[in-house]
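Read through the structure below, which is laid out as structure tokens, and then see the notes.
The values are calculated or read from the model by the stated rules, or taken from the named source; none is laboratory data. In this text the structure is predicted, and so the values were computed from the model without any measurement. Note that we place each Cβ from the backbone using ideal geometry, even for glycine, and neighbour counts take in every protein chain shown.
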Amino acid sequence: MKSEKSYISANIKKLKNSEIEIEGEVTSSQLILDRQVVFKKIAKDVEIPGFRKGQAPEKLIIERVGEMAILKEAAELCIARAYEDMIVDNKLDVIGRPEVVITKLAPNNSLCFKIKTAVMPEVKLGNYTKTAKEIASGEEKIEVDEKEVEEVLNQIRNPEKTEGAQDENKKSTDDKNLPPLTDEFAKSLGLKDLADLKEKIKENLKQQKSVKAKGKRRMLIVDEIAKNTEIELPLLLVESELQKMMASFQDRVEKSGLKFKDYLIEAKTTEEKIREEWKPQAEKKAKAQLILNKIAEEQKIIVDPKKLESEMELVIKQYPQANKESAKIFIETILKNEAVFEFLEKLSS
């Protein structure tokens, strides 16, 4: 025998910022059943003088607890069950915690409510393959000049002198007191000779520039794709990006030895002002991630389970207290993003 449907109706209305409002109704019979479940649970813990715990008459228990308190808890059960079924029945890709408002609740009556929640937005991409191909094909040539190599050599010879430092004591350091640039100096660092040392420095600088250029090129690809992409950003995703940015910034401040609240005082600002300044950047990040997700979906790009598991093991080993599910989502996102960028970059070859 098929069980009764968890809700009578679900009228869905689209709101702005990829939010929806569901106006729903649950039968009085379902509310009565859940009320009985709630009452039994509450009755076990109610203590009334003259009766053993959990053995008092229902009337006295209701007088002590209140009928509406019981009904409200029963309504929560009804709505939670109905909401799950509404999501499945209407194929809703909801995100975040829903806001629930009960509009009608009374004994022997149907339960009426409204649920406001955000849904994953529809992402309408433009001709992203053409955009990516044009940008990726314009890859710049990475070069390192002798002056850059010399600067690194001087830093190696005098590690106490920071790059661009203006401290007079450091500026006045006599080069005669520094190790001479000879083959012996290079050998002391584990290299074959001075030419080998210079070549290794040049390779490292080239690699650093290459990584920086790749990151810059990838952001340019996403920025250009975004110009021809239609997305109605959910405020929830923007807020999530802001929270991550603030948490990272606060961590950096406190690692420098300064309490975050003291930093705000010294900088003559507030967390709210910082969040407002960073909001456009958070919107840009949220939009970029949605674009990458959509491309991965269209191109059927998935993460290799073995690679994901391997990366997970490394992270958990380094951060044993980390939440495994959160770590998995984070790592999977990074790996999938990398795979999407690799796909876009290969379009020019």
Subset of region 111-148 [among the polar types (S, T, N, Q) and either closer than 28 Å to E21 by Cβ or assigned to a loop (DSSP other than H, G, I, E, B) (or both)]
T117, N127, S137
Search result, residues across region 5-27 that are charged (D, E, K, R), touching a residue at least 12 places away in the same chain (Cβ under 8 Å) and exposed (fewer than 12 other Cβ atoms within 10 Å of the Cβ):
K16
How do the pairs read when you match residues in region 298-315 that are over 27 Å from T129 (Cβ atoms) with residues anywhere that are surrounded by 11 or more Cβ atoms within 10 Å (Cβ to Cβ) and among the small types (G, A, S), using Cβ under 7 Å and keeping only pairs 6 or more apart or on different chains?
M312/A327; V315/A322; V315/A327
Restricting region 28-55 to residues that are touching a residue at least 60 places away in the same chain (Cβ under 8 Å) and either surrounded by fewer than 18 Cβ atoms within 10 Å (Cβ to Cβ) or among the basic types (K, R) (or both), the residue that is nearest to M86 (Cα to Cα):
S28
Do we have S348 as more than 13 Å from the chain's Cα centre (by Cα) and in a loop (DSSP other than H, G, I, E, B) here?
yes
Looking at L258, L292, which is the one that is surrounded by 16 or more Cβ atoms within 10 Å (Cβ to Cβ) and not assigned by TED's automatic domain parsing to the domain that holds R97?
L292
Within region 62-72, identify whether any single residue is in the same structural domain as K44 (by TED's automatic domain parsing) and in contact (Cβ under 8 Å) with a residue 40 or more places away in the chain, and answer yes or no.
yes
Test: residue in region 182-203 that is surrounded by fewer than 14 Cβ atoms within 10 Å (Cβ to Cβ), of a type in the set (A, V, I, L, M), more than 25 Å from L292 (Cα to Cα) and in the same structural domain as I135 (by TED's automatic domain parsing):
yes
Might you let me know whether region 265-281 holds any residue that is outside the structural domain of K216 (by TED's automatic domain parsing), out of contact with any Phe, Trp or Tyr (no Cβ under 9 Å at 6 or more places or on another chain), surrounded by 14 or more Cβ atoms within 10 Å (Cβ to Cβ) and without any contact (Cβ under 8 Å) to a residue 24 or more places away in the chain?
no
Any residue at all in region 301-312 that's at pLDDT 95 or above, touching a Lys or Arg at 6+ places or on another chain (Cβ under 8 Å), surrounded by 11 or more Cβ atoms within 10 Å (Cβ to Cβ) and part of a helix (DSSP H, G or I)?
no
When you go through (1) buried (at least 16 other Cβ atoms within 10 Å of the Cβ); (2) more than 25 Å from the chain's Cα centre (by Cα) one by one for K147, which number turns out not to apply?
(1)
Does at least one position in region 112-133 carry a residue that is free of Cβ contacts under 8 Å to residues at least 24 places away in the same chain, within 28 Å of the chain's Cα centre (by Cα) and surrounded by 13 or more Cβ atoms within 10 Å (Cβ to Cβ)?
no
Take the residues of region 209-223 that are under 22 Å from the mean Cα position of the chain (by Cα), charged (D, E, K, R) and surrounded by 13 or more Cβ atoms within 10 Å (Cβ to Cβ): which is modelled with the highest pLDDT?
D223
Sole miss for E163 among (1) surrounded by 17 or more Cβ atoms within 10 Å (Cβ to Cβ); (2) at pLDDT below 90 is condition (1)
Which residue, of I221, I231, is touching a strand residue (DSSP E or B) at 6+ places or on another chain (Cβ under 8 Å) and either touching a residue at least 12 places away in the same chain (Cβ under 8 Å) or of a type in the set (A, V, I, L, M) (or both)?
I231
